[in-house]
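Heads up: the structure comes next, in C-alpha cells.
The values are calculated or read from the model by the stated rules, or taken from the named source; none is laboratory data. These figures come from a predicted structure and were not determined experimentally. Here the Cβ is made from the backbone with ideal geometry for all residues, glycine too, and neighbour counts use every protein chain on show. Just the protein is used for accessible areas: all its heavy atoms, side chains included, with ligands, DNA and RNA removed. Shrake-Rupley method; radii C 1.70, N 1.55, O 1.52, S 1.80 Å.
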Amino acid sequence: MPINVLFSARPERWETYQEPLNKAFKGKGLDVNLATDIPPEQVDYIVYAPNGDMNDFTPYKNCKAVLSLWAGVEKIVVNQTLTQPLARMVDHGLTQGMIEWVTGHVLRHHLNTDLHVLGQDGEWRDYVPPLAQDRQVTILGLGALGTACGQALAGLGFPVTGWSRTAKEVEGITCLHSNDGLSQALNNSDIIVLLLPLTGNTENLINSERLAQMKDGVCLINPGRGPLIDDQALLKALDTGKVGHATLDVFRIEPLPTDHPYWAHPKVTVTPHIASETRPVTAAQVIAENIQRGEMGKPFLHLVDRTEGY
Ligand code: NDP
C-alpha cells in the first residue's frame, strides 16, 4: 500500500513541489502517492502551507503528521481542529537565503553603502566605516535562522549577541536569555536583527519602552514577523532619531498597504517578505526524511511545541 501524502498549498506551488517531492520520496525508497486530492480518511501525511484552502483538519483522522512548508507557524498553531503532530520547516536553502539577506542588509548599514550608491552627485565623501569588530550586532531569536545568521556575522568579525527564551551556548555568539537578558541585548547594540517567531509572548516586543533602551541611532532589521514591532512606537522613534533606520521585510498586513507611512518614510526600507523562501529541492528532502521517520516509528524532526506556539 502506498503512503498517501496530500499536498495542500496555493495551486501554483503544486507545479513547483510535485517533482522535487516525488524525487525525494524515491531517494528514500518510499512508495508514496502524492496528490492534491485524496479522501480525507485515507491521508497519511499533509504537506501544508497556510495560504492553501485547508482550514479544517478534523476529517483527517488517520493523518500521522502535518508537515509545514513554512518556518513560521503562527497561522496554523492556533487552529483548534489540528490535533495531529505539526512539524515546521527547517531547510538548508531557507537558512542560506536568510543568511544572505541578513548579511547583505547588515553590511549595507555597517558600510553606509547608501552614502555612495545614492549619492553620485559629484561630492567626494570620504567617509570610512569602522571595522566589523567595532560594530555590535544583536540577533533576537537564536533558532535555526537566528543562530545561522549570527554565526555568519560573527565570521565576518562582528561581535554578536543573541537572545532566546531558554539558555544557550553557541560558538562565536554571546548568548543571553529571558527578560533579564533582553535589556542587555538591546542596550549595547548598533544593529538589531529580529528573527523571533510570532507568539503571544513576542507580539509587540519592540514597543516604546524597549526602543527607549536602545542606543541612539540604532538600526533595526526585521525579517521575523511584522507584529513583533509596535508600528506607531517605531515610527515615533524614527522621527525622533532614536532609531536611525529600519529595514522591514514583514508587516501586520501584507502586502503592505500603499498608503502605509513606512513606504514614504526616508528612514525605512521596505522589502516585500522576500528575506528567504523555502527552497523546493532542499525542503523536499526534509519532508521525505520526516515521512520516513514517521513510517519507522521514529520521532519527527522540527516538531512545533503547541503550548509555546513555535
Ligand atoms: P526557531 O523556532 O528555530 O527559533 C525561534 C527562536 O526564537 C528560538 O531561539 C526561541 O528561543 C526564540 N524565542 C521564541 N519565543 C521567545 C521569547 N518569548 N523570548 C525570547 N526568545 C524567544 O525559528 P526559525 O529560526 O526557524 O525562524 C524564526 C522566524 O523567522 C520564523 O518564526 C518566521 O516568523 C521568520 N521567517 C521569516 C522569513 C521571511 O522570509 N521573512 C522566512 C522564514 C522564517 P528558544 O531557542 O529558547 O526556544
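Numbers at a glance
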read-out	value
Pairs, first assigned by TED's automatic domain parsing to the domain that holds Lys26 and under 21 Å from Leu142 (Cα atoms) in region 286-310, second among the acidic types (Asp, Glu) and open to solvent by less than 50 Å² (accessible area, probe 1.4 Å), C-beta under 6 Å, six or more apart	Val286/Asp91
Residue in region 36-59 that is in contact with a Phe, Trp or Tyr (Cβ under 7 Å, 6 or more places away or on another chain) and exposed (fewer than 15 other Cβ atoms within 10 Å of the Cβ) present	yes
Yes/no for Leu131 being near the ligand (Cβ under 8 Å from one of its atoms) and assigned by TED's automatic domain parsing to the domain that holds Thr113	no
Cross-chain or 6+ apart pairs with Cβ under 6 Å, region 16-45 first and farther than 22 Å from Asn62 by Cβ, then among the polar types (S, T, N, Q) and open to solvent by 70 Å² or more (accessible area, probe 1.4 Å)	Ala24/Gln285
Pairs, first open to solvent by 40 Å² or more (accessible area, probe 1.4 Å) in region 62-89, second hydrophobic (A, V, I, L, M, F, W, C) and not in a loop (DSSP other than H, G, I, E, B), C-beta under 7 Å, six or more apart	Pro85/Ala65; Pro85/Leu303
Index of the failed condition, Val137 passing every other in (1) closer than 19 Å to Ser276 by Cβ; (2) open to solvent by 30 Å² or more (accessible area, probe 1.4 Å)	(2)
Candidates Val47, Val43, filtered to the one that is at pLDDT 95 or above and within 21 Å of the chain's Cα centre (by Cα)	Val47
From Trp124, Trp101, residue being of a type in the set (Phe, Trp, Tyr), over 30 Å from Pro40 (Cβ atoms), within 16 Å of the ligand (Cβ to nearest atom) and not in a strand (DSSP E or B)	Trp101
Verdict on Glu308 being under 30 Å from Gln84 (Cα atoms) and more than 16 Å from the ligand (Cβ to nearest atom)	no
Answer from Phe25, Phe7 - the residue that is under 15 Å from Ala283 (Cα atoms), of a type outside the set (Asp, Glu) and in contact with a Ser or Thr (Cβ under 6 Å, 6 or more places away or on another chain)	Phe7
Yes/no for Asp114 being more than 22 Å from the chain's Cα centre (by Cα) and not in a loop (DSSP other than H, G, I, E, B)	yes
